[in-house]
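Trainee: My questions all concern the structure below.
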Amino acid sequence: MSKIRIALVGVGNCASALIQGIEYYRECERQEECFGLRHLFLGGFHPRDIQVVAAFDIDNRKVGKDISEAIFAQPNNAPKVADTPSSNVFVHKGPVLDGVGEYTKNVIHVSDLPEANVATVLKESDAEIVINLLPSGAVKASEWYTEQALIAGSSFVNVTPNFIASDDSWAKRFETIGLPVAGDDLIDQVGSTTLHKTLLKLLSMNGVRIMQTYQLDVGGGSESLDTLERTKDLKRTVKTKSVESALPYKAEVVAGSTDYVDFLQNRRDSYFWIRGEHFCNIPMQIDLKLSTVDAPNAGSVLFDVIRAMKIALDKGISGSVMPLCAYAFKHPPQQTSIESAEKMFADFIS
Ligand SMILES: NC(=O)c1ccc[n+]([C@@H]2O[C@H](COP(=O)([O-])OP(=O)(O)OC[C@H]3O[C@@H](n4cnc5c(N)ncnc54)[C@H](O)[C@@H]3O)[C@@H](O)[C@H]2O)c1
């Protein structure tokens, strides 16, 4: 099988989980023997077929380092689960733009090394897919890297909650040059949004009328700190829309990240509250807490996204890849039910 050549924009916790995951599952041959993955093989590709060929960051503890080392540098705090061999891929310095917010200015130490020419690095490394793993508050930087992918002729995956794949004008630009784009805001493997939607779906299928529900999160990664300052409202909008789509009627729904607790490290605690009525309007209530580790929660879905993007590239698909956006992202170009997203994706990869 040929390799899938990817470039990472942002060598933070998600990048760490992705690169460690490739090593963790490298020797695994049988789906039934390797837990934690939705698909060991997808489109014939194994996770070990994913190859990082370029990476960009701005932090002086990461820039200039081999990617295998940079992923363990502070302030990253994703757990170490695998040894990562030297890759000979060194982290390039990208432009800072709005990558650092007021709350993260003491957390990210900006390197004073010269900036790379990002489009040229992408072209020279022959990166087929650029994965945007910037902080959610880095709106301008996300757009700037999208532009670089377009210049270099690479496809683009937007893991952040900024609107790229779901924005008509960006999607059209990728369509015009014949390249696929996917996003926005990755759905976690066992994330609060998926759990919340599944619970609401189950209750409404059983005839329960949901009146009100909320979902609140606390996390300890630098992304949670950035969210607190810059993207709380954006995340609340994206998550609320996604959760609302699980109900066939209107209810009062609030879903969104709320706070940063440093000692949680890369852990995330999510609290759910649901109020409804079942038979003869008798009231019922659910109070629930989910504890996960943030970055590894993105790993399995990222593996699927990368391999499905390769399928899209091989099929010559351009613009937003709807089956992929609906399956793996909270804010696709159009919201769909979990069932139709699953069906679209299964048809797409078969
Ligand atoms: N489970 C998950 O972790 C998950 C799920 C859905 C979406 N996301 C999104 O993925 C993104 C990454 O999350 P994370 O936890 O890895 O974040 P992180 O804060 O750990 O990593 C972000 C990295 O980007 C770097 N950076 C900042 N500005 C830059 C610039 N201008 N150029 C290059 N690099 C720059 C930072 O130095 C840091 O290394 C976030 O937008 C988050 O919302 C994550």
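Trainee: Is it true that GLN51 is in a strand (DSSP E or B) and under 22 Å from the mean Cα position of the chain (by Cα)? Break it down into steps so the answer makes sense when it comes.
Mentor: On the way: in a strand (DSSP E or B): yes; under 22 Å from the mean Cα position of the chain (by Cα): yes.
So GLN51 fits the description; yes.
Trainee: Only one of ASP269, ASP259 is of a type in the set (Asp, Glu), more than 22 Å from TYR327 (Cβ to Cβ), in a strand (DSSP E or B) and in contact with a helix residue (DSSP H, G or I) (Cβ under 8 Å, 6 or more places away or on another chain). Can you tell me which?
Mentor: Result: ASP259 is the single residue among ASP269, ASP259 that is of a type in the set (Asp, Glu), more than 22 Å from TYR327 (Cβ to Cβ), in a strand (DSSP E or B) and in contact with a helix residue (DSSP H, G or I) (Cβ under 8 Å, 6 or more places away or on another chain).
Trainee: I'm checking my understanding of the structure. Among residues of the stretch 225-256 that are under 20 Å from the mean Cα position of the chain (by Cα) and in a strand (DSSP E or B), which one is nearest to VAL208 (Cα to Cα)?
Mentor: That would be ALA255.
Trainee: How many of the residues making up the stretch 94-113 are more than 8 Å from the ligand (Cβ to nearest atom) and either in contact with a Lys or Arg (Cβ under 7 Å, 6 or more places away or on another chain) or closer than 19 Å to VAL9 by Cβ (or both)?
Mentor: So the count comes out to 6.
Trainee: Residues ASP184, ASP188: which one is touching a Phe, Trp or Tyr at 6+ places or on another chain (Cβ under 8 Å), touching a residue at least 12 places away in the same chain (Cβ under 8 Å) and under 29 Å from PRO248 (Cα atoms)?
Mentor: The conditions single out ASP184.
Trainee: Listed residues ALA127, ALA82, ALA141, ALA149; which is away from the ligand (no atom under 12 Å from the Cβ) and in a helix (DSSP H, G or I)?
Mentor: ALA149
Trainee: Taking ASN13 as the residue in question, decide whether it is within 11 Å of the ligand (Cβ to nearest atom), modelled with pLDDT of 95 or more and surrounded by 20 or more Cβ atoms within 10 Å (Cβ to Cβ).
Mentor: Values: within 11 Å of the ligand (Cβ to nearest atom): yes; modelled with pLDDT of 95 or more: yes; surrounded by 20 or more Cβ atoms within 10 Å (Cβ to Cβ): yes.
Judged against the criteria, ASN13 is a match.
Trainee: What number of residues within the stretch 194-212 satisfy the criterion of being within 15 Å of THR240 (Cα to Cα), touching a strand residue (DSSP E or B) at 6+ places or on another chain (Cβ under 7 Å) and outside any strand (DSSP E or B)?
Mentor: The number of residues fulfilling the criteria is 4.
Trainee: Quick check on GLY178: is it away from the ligand (no atom under 16 Å from the Cβ) and at positive phi?
Mentor: yes
Trainee: Can you tell me which residues in the stretch 1-20 are assigned to a strand (DSSP E or B) and hydrophobic (A, V, I, L, M, F, W, C)?
Mentor: Result: ILE4, ILE6, ALA7, LEU8, VAL9.
Trainee: Any chance the stretch 242-262 includes a residue that's over 24 Å from PHE163 (Cβ atoms), within 14 Å of the ligand (Cβ to nearest atom) and buried (at least 22 other Cβ atoms within 10 Å of the Cβ)?
Mentor: no
Trainee: Also, quick follow-up: Would you confirm, using the coordinates I've provided, whether GLY44 is of a type outside the set (A, V, I, L, M) and touching a strand residue (DSSP E or B) at 6+ places or on another chain (Cβ under 9 Å)? If you could, list the steps in order and put the result at the bottom.
Mentor: On the way: of a type outside the set (A, V, I, L, M): yes; touching a strand residue (DSSP E or B) at 6+ places or on another chain (Cβ under 9 Å): no.
Spelling it out, it is not the case that GLY44 is of a type outside the set (A, V, I, L, M) and touching a strand residue (DSSP E or B) at 6+ places or on another chain (Cβ under 9 Å).
Trainee: Still on this model: Which residue, of ALA73, ALA119, ALA127, ALA55, is over 24 Å from PHE329 (Cα atoms), touching a strand residue (DSSP E or B) at 6+ places or on another chain (Cβ under 8 Å) and either surrounded by fewer than 17 Cβ atoms within 10 Å (Cβ to Cβ) or at pLDDT 95 or above (or both)?
Mentor: Sole residue among the options that is over 24 Å from PHE329 (Cα atoms), touching a strand residue (DSSP E or B) at 6+ places or on another chain (Cβ under 8 Å) and either surrounded by fewer than 17 Cβ atoms within 10 Å (Cβ to Cβ) or at pLDDT 95 or above (or both): ALA73.
The values are calculated or read from the model by the stated rules, or taken from the named source; none is laboratory data. Here the structure is a predicted model, which is why all the values come from computation and not from measurement. Quick reminder, even Gly has a Cβ in these numbers, built from the backbone with ideal geometry, and neighbours come from all protein chains shown.
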